[in-house]
Every structure is written in structure tokens, then in C-alpha cells.
1. Which lysines have a Cα lying under 17 Å from the Cα of LYS118, excluding residues fewer than 8 positions away in the same chain?
2. Full-extension gain between ARG55 and ALA161, please, as 0.36 nm times their residue separation minus the C-alpha to C-alpha distance.
3. Are there trypsin sites (Lys or Arg not before Pro) in the stretch 1-70 that DSSP puts in a loop and that have at most 14 other Cβ atoms within 10 Å, and which ones?
4. If you filter the stretch 90-162 for GluC sites (Glu not before Pro), then keep DSSP loop positions with at most 12 other Cβ within 10 Å, what is left?
5. Please work out whether the chain counts as rounded, prolate or oblate from its C-alpha gyration tensor, where a ≥ b ≥ c are the square roots of the eigenvalues and a/c under 1.5 means rounded, while otherwise a/b larger than b/c means prolate and anything else oblate?
6. Is there a quick way to get the dipole size of the chain? I mean about its Cα centre, with the Cβ of Lys and Arg at +1 and of Asp and Glu at -1; what is the value in debye to the nearest 20?
7. Helix-only estimate, please: 222 nm mean residue ellipticity of the chain, summing -39500 (n - 2.57) across DSSP H runs of length 4 or more and dividing by its residues, to the nearest 500.
8. Could you work out the relative contact order of the stretch 4-156? I mean the mean sequence separation of Cα pairs under 8 Å and 6+ apart, divided by the number of residues, in percent.
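Coordinate-derived values only; no laboratory data. Predicted, not measured: the structure shown is a model, and the values here were computed from it. Methodologically, a virtual Cβ is constructed for each residue, glycine included, from the backbone with ideal geometry; neighbour enumeration extends over all protein chains shown.
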Amino acid sequence: MPELNDIAITTIDGGETTLAEFGDQVKLVVNVASRCGLAPQYNKLEQLQKTYGDRGFTVLGFPSNQFLQELGTEEAIKEYCSTTWGITFPMFEKIKVNGRSAHPLYAELKKTPDAQGKAGRVTWNFEKFVITPSGEVHRFRPRTEPDDPEIIGLIERSLPAV
């Protein structure tokens, strides 16, 4: 199994990086889509970023058109996220989250079961994976809001004490 931190990812601006760049931060990895009915979750994701960003937390947004609800280009996605939601957290190139051509990061993340014990394919846009500094992965399905008490509790328990 590849180490999650070593998997290559490409920023929305075309830069190459890995999750290791985000070090020991608590990371919330989410597949996003601009035209999805769940897009208002962007607002709550940005609120998490503002609330916890300076304490060692980051949201990492991965646009995907797998469910046919994402804009055509990275430039359009970036503009939409900035102007509509004021997104400041890191965004990455458009990827596939399911199937044979799924991005290697998602190929690994999907092995994690959700609270009901179900692993496997991403069911829709805005599926969330929280990666703790110790490398534990926790999976939350799309309809679980970013400010759900379970997610907030996990983030707060995983951050250094203030």
C-alpha cells in the first residue's frame, strides 16, 4: 500500500506536490463539483479552513466530473470557487475518483470504510476523508455536512491543544 503522503498530486495551477507538503496537519480531502446540489458545502468547508487553518488543519479540494457536475477547465473551477464561495484552501486538478482510472490518492482513500463499515466507491460529490497527523483515515459520506459534530470533534481531537 503506498504511503498516502507520497502520492503525487497536481495543484489546480499545474504544480506537482504530495500530501507530505501539508506535513502533520489534519487534512480534510473532499471531491468537489461546482454544479452539484451539495455545492453550498463549499461555504462550510471554507468556514472550517478559517476556524482551524492556523491551528494545523487544511481542506484539500479535488474537483471531479465523475458525476457530470463539474465545470470544464481548472481555470473555470478556480474562478467559480473564488468568486462564488471565497475559497482560500488548496484546490487540485480535476480527477477521477472511481473506476480503473481513479486517481491513486482516491484508489487508496476508498479502501477506508465509512461509519457503517462500507468501503469502496465514492457515492457522490463532496465525500469527505479526514486524515489525522498519525495517518488514520476517517470517511464521511456526501450528505454529512462539513460542520457535522462528528467531523468537528475529530478535527478538534486531532489538532494540538491551544
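1. LYS110, LYS128
2. My answer for the length gained is 37.3 nm.
3. Sites meeting the loop and neighbour criteria: ARG35.
4. Details: sites: GLU93, GLU108, GLU127, GLU136, GLU150, GLU156; in loops: GLU93, GLU127, GLU136.
Passing sites in the stretch 90-162 are GLU136.
5. rounded
6. On the way: 18 positive and 22 negative charges, 132 e Å.
Computed about the Cα centre, the dipole is about 640 debye.
7. That comes out to -7000 deg cm²/dmol.
8. On the way: 277 pairs, mean separation 42.5, N = 153.
Computed over the stretch 4-156, the figure is 28 percent.
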